[in-house]
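In what follows, a structure is listed as structure tokens, so that the remarks can point back to it.
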Amino acid sequence: MVEIIVTTIFLLLIAGWYLSFLASRLDALHHRVETSWAHLDSLLQRRAALALEIAHSIAVDPATSLVLTAAAYEAREANIVERSDAEIALSQSLRLLLADEVHMPSGLEIELINSLNALSEKISVGITIHTEAVQSAQLLRSKLLFKIFRLAGRAPLPMRYSFEDDIL
């Protein structure tokens, strides 16, 4: 009888440890999603600032400058609900500017465009990291054990944004 009780207690301890391990793993994935989003957000804010700098350069015509300035301010000030549309609009404005090769005659503007291209590559990597983190967290949270024992607690389900597919 004592052996059965000891075995049961041992198995409950092992199960409790395993559930605690799984919850810690999920918490680490949520942390990874948050840090990847914070990094991506900072890159997007730098892109908007660089777009404003390009818009205010002498080589850009006033109409293009107005469109680019509006898109950049909208991307910088948008809340999380409006963020996707604002980032897509900024990407489209930058694509229009970069498609027109006439605008960039001086070295300063070429330097700004090169900075924008380098930042776009970093954003692409940041999006890949964020997307992978979100997919990992969503996959783990979809497992039955996590749902039954509510190992995610009250943490919101990580999500991707539509602008992640459309970034420059």
Please go through the stretch 51-64 and pick out each residue that is out of contact with any Pro (no Cβ under 8 Å at 6 or more places or on another chain) and either β-branched (Val, Ile, Thr) or open to solvent by 20 Å² or more (accessible area, probe 1.4 Å) (or both).
-> GLU53, ILE54, HIS56, ILE58, VAL60, ASP61, PRO62, ALA63, THR64
Name the helices (runs of 4 or more DSSP H) wholly inside the stretch 60-158 in which the number of residues that are closer than 27 Å to LEU50 by Cα is 3 or more.
-> 62-77, 83-99, 107-141
Exactly one of SER162, SER136, SER115 is modelled with pLDDT of 90 or more and closer than 19 Å to ASP41 by Cβ, and that residue is SER115
Considering only the stretch 1-45, how many residues are more than 20 Å from LEU144 (Cβ to Cβ) and among the basic types (Lys, Arg)?
-> 1
Filtering the stretch 82-112 down to residues that are among the β-branched types (Val, Ile, Thr) and modelled with pLDDT under 85, which residue is most open to solvent (accessible area, probe 1.4 Å)?
-> VAL102
Failed item, numbered, when SER24 is tested on (1) among the polar types (S, T, N, Q); (2) surrounded by fewer than 17 Cβ atoms within 10 Å (Cβ to Cβ); (3) within 30 Å of PRO156 (Cα to Cα); (4) touching a residue at least 24 places away in the same chain (Cβ under 8 Å) = (4)
Look at the stretch 113-134 and say how many of its residues are open to solvent by 50 Å² or more (accessible area, probe 1.4 Å) and under 12 Å from the mean Cα position of the chain (by Cα).
-> 6
Any idea which residue in the stretch 136-168 is most open to solvent (accessible area, probe 1.4 Å), counting only those that are free of Cβ contacts under 8 Å to residues at least 40 places away in the same chain and among the basic types (Lys, Arg)?
-> ARG154
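The values are calculated or read from the model by the stated rules, or taken from the named source; none is laboratory data. These figures come from a predicted structure and were not determined experimentally. As a convention, Cβ positions derive from the backbone with ideal geometry for all residues, glycine included, and neighbour counts pool all protein chains shown. Surface accessibility is based on the protein's heavy atoms, side chains included, excluding ligands, DNA and RNA. Shrake-Rupley method; radii C 1.70, N 1.55, O 1.52, S 1.80 Å.
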